[in-house]
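The values are calculated or read from the model by the stated rules, or taken from the named source; none is laboratory data. For clarity, every value in this text was computed on a predicted model and none was experimentally measured. Here the Cβ positions follow ideal geometry from the backbone for every residue, glycine too, while neighbour counts run over all protein chains shown.
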Amino acid sequence: MGLQITRRKDGSIRSKWWYGDFIIDGKRHFTNLGVAIEGTIPASLKEVSDVPFERSRMKAQLKLDELKADARSTKSASHHLQELYEIKAGEDVRQVELKDIEQVWKNLPQRRKRSALWEKNQCGTLRKFREFIEKEYPAVRTLGQVTPRIAEHWLRHLEESGYAAATYNDKLHLLKGLFQKVGIHGGIISNPFAGCPTKIKTTVHHQPFTQKELNEILKHADKIMRPVFLVGMCTAMRQGDCCRLKWTDVDLQERFITVTTSKTGETAEIPLFPILREEIDKQPHKSEYVFPEVAALYEKKNFGMSWRVKQVLKAADIETLVDRSDGMQKASIKGFHSLRTTWITMALSAGVPMELVRRVTGHSTVDVVLKHYFRPGKEAFKTALETAMPKMLTGGQEAEVAVTKPPPEAMAGKEEELLKKIRGLLEYGEDLEKAAILRRLAEIEAQLAA
């Protein structure tokens, strides 16, 4: 017991490090102390050697004493904690085995049902954490034995593996949340991840598509992809919600789509635009999904929808990636999610009230919309301000509403279209900005005068 130097059968030195051999709570521990052996190694540790060797021996002894004291302190705290828990709960503290970490996480109560893919990814992280502990700390058998030092070692391992800040933070949150939820009844004295900070993310936001790019997307999308792109353009829904749109979500009579978003569980209410209504009318009622082929592709995950979306954008000659400032892999700035950014940016730039935008997108707060989705280009930003601000400040001319005469073929049904616009103003006028009301009145006046 005490300090040890590992040797091979022939007596040669196996390791350059000092080891500590001690017993705590009836268990024997043989630990690398992290102190290098220096100087001339004697045949027996009972002998005194040169100054460098004795200096390294002293450092190793101090480290060993520190480890033993820490282990005894932890044992004492664990003992008192167990006594307190047993008094209050009337049952023994149940130690959670490290080998059961994935199943323990699966059994934790959740607010929403987990998707199969998300559960698989989370269990993958937990499995890699378990394998890391088994390799680096074979003496650790329970979650209660994981210390802050072990947690920090694993996080350093993540850094060295080159994970992006967002992925690093996701893994940290998973482990921190697991230890927090297992807590005292699982034999955990304190959360080893509690003091571990997250990484600062270099977020690259999705950019909106231009009108030209939207036209190119529809032009190059095949018969399977065109409908789902059209849904994204007209509804601002996320890819999964677009692909798995159900007939029960669509009210053709009232011309509305009402869905419970898969990500947040919020309810989104979206007017059914004529171009999308026309596309939906073409679909046969042979499945619960409006677009069954698309729903099947989305469920495949690998080489399904994501691959097809990339192929359409590539065919449309749209630049989708940019270099990151931190040297990590390129960031995606335009993808299917950009349709959501495009819709929100166009709506807010056109004067649609924030409350109506939030009803469509299902966002619960204004901050989320403004921070992550409202991305007007510089020219659009400049034009909007010059239109809204007084002429004396901008030095320009008062904005005029462009009036175009409708073609003869569009005259049919003109009265019905005007009635719809007037009814829309009567219904939502209180929520609209003044500039938006004036613009729509000018459009109605132009159509009446034509």
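A few remarks follow.
- Arg111 basic (Lys, Arg), modelled with pLDDT of 75 or more and not assigned by TED's automatic domain parsing to the domain that holds Glu152: no
- Considering segment 199-224, the residues that are assigned to a loop (DSSP other than H, G, I, E, B) and among the polar types (S, T, N, Q) include one that is surrounded by the fewest Cβ atoms within 10 Å (Cβ to Cβ), namely Thr203.
- In segment 1-38, the residues that are part of a strand (DSSP E or B) and among the acidic types (Asp, Glu): Asp21
- Residue count for segment 307-331, restricted to those that are modelled with pLDDT of 75 or more and either within 19 Å of Glu213 (Cβ to Cβ) or not assigned by TED's automatic domain parsing to the domain that holds Lys219 (or both): 14
- Selection from segment 279-305 of residues that are surrounded by 11 or more Cβ atoms within 10 Å (Cβ to Cβ) and either in a loop (DSSP other than H, G, I, E, B) or without any contact (Cβ under 8 Å) to a residue 12 or more places away in the chain (or both): Gln283, Ser287, Glu288, Val290, Phe291, Pro292, Ala296, Glu299, Lys300, Lys301, Gly304
Rundown of residues vs (1) crowded, with 17+ Cβ neighbours inside 10 Å; (2) touching a His at 6+ places or on another chain (Cβ under 8 Å); (3) not in a helix (DSSP H, G or I); (4) not hydroxyl-bearing (Ser, Thr, Tyr), yes/no style:
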{"site": "Arg226", "(1), (2), (3), (4)": "no, no, no, yes"}
{"site": "Leu230", "(1), (2), (3), (4)": "yes, no, no, yes"}
{"site": "Cys234", "(1), (2), (3), (4)": "yes, no, no, yes"}
{"site": "Asp241", "(1), (2), (3), (4)": "yes, no, no, yes"}
{"site": "Thr248", "(1), (2), (3), (4)": "no, no, no, no"}
{"site": "Thr258", "(1), (2), (3), (4)": "no, no, yes, no"}
{"site": "Gly265", "(1), (2), (3), (4)": "no, no, yes, yes"}
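- In this structure, Arg340 qualifies as among the basic types (Lys, Arg), within 25 Å of the chain's Cα centre (by Cα), assigned to a helix (DSSP H, G or I) and in the same structural domain as Asp222 (by TED's automatic domain parsing).
- A single member of Thr248, Thr261 is among the β-branched types (Val, Ile, Thr), assigned by TED's automatic domain parsing to the domain that holds Arg340 and over 25 Å from Ile344 (Cβ atoms), and it is Thr248.
- Once segment 44-75 is narrowed to residues that are surrounded by 13 or more Cβ atoms within 10 Å (Cβ to Cβ), among the polar types (S, T, N, Q) and under 53 Å from the mean Cα position of the chain (by Cα), the residue that is modelled with the lowest pLDDT is Thr74.
- Filter pass, Glu288 being of a type outside the set (S, T, N, Q), touching a strand residue (DSSP E or B) at 6+ places or on another chain (Cβ under 6 Å) and under 18 Å from Cys242 (Cα atoms): yes
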